[in-house]
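Colleague: Mind having a look at this structure? Questions to follow.
Derivation of every value follows stated rules applied to the coordinates shown; laboratory data play no part. This is a predicted model, so every value here is computed, not measured. Methodologically, a virtual Cβ is constructed for each residue, glycine included, from the backbone with ideal geometry; neighbour enumeration extends over all protein chains shown.
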Amino acid sequence: MKRLLPAPILLASAGLAAAQEAAPAAAGGVPALASPTLGELFRAGGPLMWLLLAFSVFALAVIAWLFATLRAGATAPRSLVRDAMDKIRQGDLGEARKICEDRPCPFSHVALAAIDAARALPTAESAALSAAVEGEGARQAGVLQGRAQWLLDVATIAPMVGLLGTVLGFFAAFQGIGSDLVASAKPVVLAQGVALAIITTIAGLLVAIPCMVFYAWFRRRAERQVALLEGLAADLVSVLLSRRGAAR
């Protein structure tokens, strides 16, 4: 996955370079636009580049958070599932509930809903118990699938910010052409406006494209976690019903 990270990191590096560069290019040398540095490109993009930089940093933080949370070990730790299931099979629902409370995660929330339903409805049929588990399971599934939504939001907003920079850049360019500036200054104003238009558009896409790629990947990963949670929820219902049958 390392190959997908350079785009946001590249924008972050440009912002750092813009903040660190204090002196302009030396007079009489090669023009700055011939071989611009990251800092020069960042400054040429105008104030909106700082907003895009903030989006890129936020996206990197969300990606790191999703890597840590959208995995089987965080959704349903094996040791937790094993210990809770063993206590339920032994009929010790109080200890099973304590185990789940001590280790909050999507599975523990579903298990708590199942245990509470079994306690509150000791004579309920399997349909009532299944409904209680399915309700909490659906809520946890929504939480898992909604975590990647942040990346989709960034991927949607960042190109719009780049488009705003494009509009502002062309507005500045045409305003310079129509002004009373001397003829020698007009090409400079035009070049600055076009640079703003192009650079912000590119920066917005550099943020949005990796976010879309990671959103698609994490969405599929979330679907796998939901499928895992559904299977464990079915096992919970089965174990609780079998324990109730044995008690009769």
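Colleague: With a 10 Å Cβ neighbour count serving as the proxy for reagent exposure, in which order, fewest first, do VAL226, VAL207, VAL57 appear?
Modeller: VAL57, VAL226, VAL207
Colleague: How do PHE171, PHE42 line up, fewest other C-beta atoms within 10 Å first? Please report the intermediate quantities before stating the final value.
Modeller: Values: PHE171 13, PHE42 25.
If I rank by nearby Cβ atoms, fewest first, I get PHE171, PHE42.
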